[in-house]
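Below: the structure, in structure tokens.
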Amino acid sequence: MIRRVTVPGLFPPPVYSHASVVEAGTKLAFLAGAVPLDADGKLVGDGDPVRQAEQVTSNLREQLRAVGSDLEHVVVTDVYVVSADTAVLSAVWDVVEASGLSAGPHSSTLLGVACLGYPGQLVEITATAVVPEGDSR
């Protein structure tokens, strides 16, 4: 269903693929950015990008389950981190990798940005995933 491509002539990525190919006719889910808010709308991990990344991946998993998919079916993500420090971006990426998103591995872009939508928000992840056949949602 998903063909993941690492291009031989390019520098090999550590835990993601250069491209993901999905056959036409496959059901896809395009998810809004997962954010570090709990079910009551309270920010989780104030000032802590690693804790926020954990909450974001948990919320992303819930979004995926709601449409009949899961982390291993994600084909592409954009990971936004409020930081210009590559060590902070790497720490957030470690959470993404540990979450199961890299099991594919999926294609991803990791970005350091100036700000995100909620006060105190440091991490957000957008995703596109395959919804496996047989799901009626």
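The values are calculated or read from the model by the stated rules, or taken from the named source; none is laboratory data. As the structure is a computational prediction, the values presented were derived from the model and not from experiment. Note that we place each Cβ from the backbone using ideal geometry, even for glycine, and neighbour counts take in every protein chain shown. The accessibility values were calculated without ligands, DNA or RNA, using every heavy atom of the protein model including side chains. Shrake-Rupley method; radii C 1.70, N 1.55, O 1.52, S 1.80 Å.
What's the number of the only condition in (1) in contact with a Leu (Cβ under 9 Å, 6 or more places away or on another chain); (2) farther than 21 Å from VAL21 by Cβ; (3) not in a strand (DSSP E or B) that GLU72 fails to meet?
Status for GLU72: all satisfied but (2).
Table: residues versus (1) among the polar types (S, T, N, Q); (2) in contact (Cβ under 8 Å) with a residue 12 or more places away in the chain.
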position: PRO12; (1), (2): no, no
position: ALA32; (1), (2): no, yes
position: THR77; (1), (2): yes, yes
position: ALA87; (1), (2): no, no
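Return yes or no: is TYR80 over 22 Å from GLU133 (Cβ atoms), assigned to a strand (DSSP E or B) and open to solvent by 40 Å² or more (accessible area, probe 1.4 Å)?
Yes, satisfied.
Just to be sure I understand, how many residues within the stretch 106-123 are under 23 Å from ALA19 (Cβ atoms) and either of a type in the set (Asp, Glu) or surrounded by 18 or more Cβ atoms within 10 Å (Cβ to Cβ) (or both)?
Number of matching residues: 3.
If you go through the stretch 94-105, how many residues are surrounded by fewer than 20 Cβ atoms within 10 Å (Cβ to Cβ) and either without any contact (Cβ under 8 Å) to a residue 60 or more places away in the chain or hydrophobic (A, V, I, L, M, F, W, C) (or both)?
Of the residues in the stretch 94-105, 5 are surrounded by fewer than 20 Cβ atoms within 10 Å (Cβ to Cβ) and either without any contact (Cβ under 8 Å) to a residue 60 or more places away in the chain or hydrophobic (A, V, I, L, M, F, W, C) (or both).
Which of the residues that make up the stretch 42-70 are of a type in the set (Asp, Glu), farther than 17 Å from ALA91 by Cβ and open to solvent by 70 Å² or more (accessible area, probe 1.4 Å)?
Going through the stretch 42-70, the residues of a type in the set (Asp, Glu) turn out to be 46, 48, 54, 62, 70.
Checking the rest, the ones that are also farther than 17 Å from ALA91 by Cβ come to 62, 70.
The one that is of a type in the set (Asp, Glu), farther than 17 Å from ALA91 by Cβ and open to solvent by 70 Å² or more (accessible area, probe 1.4 Å): GLU62.
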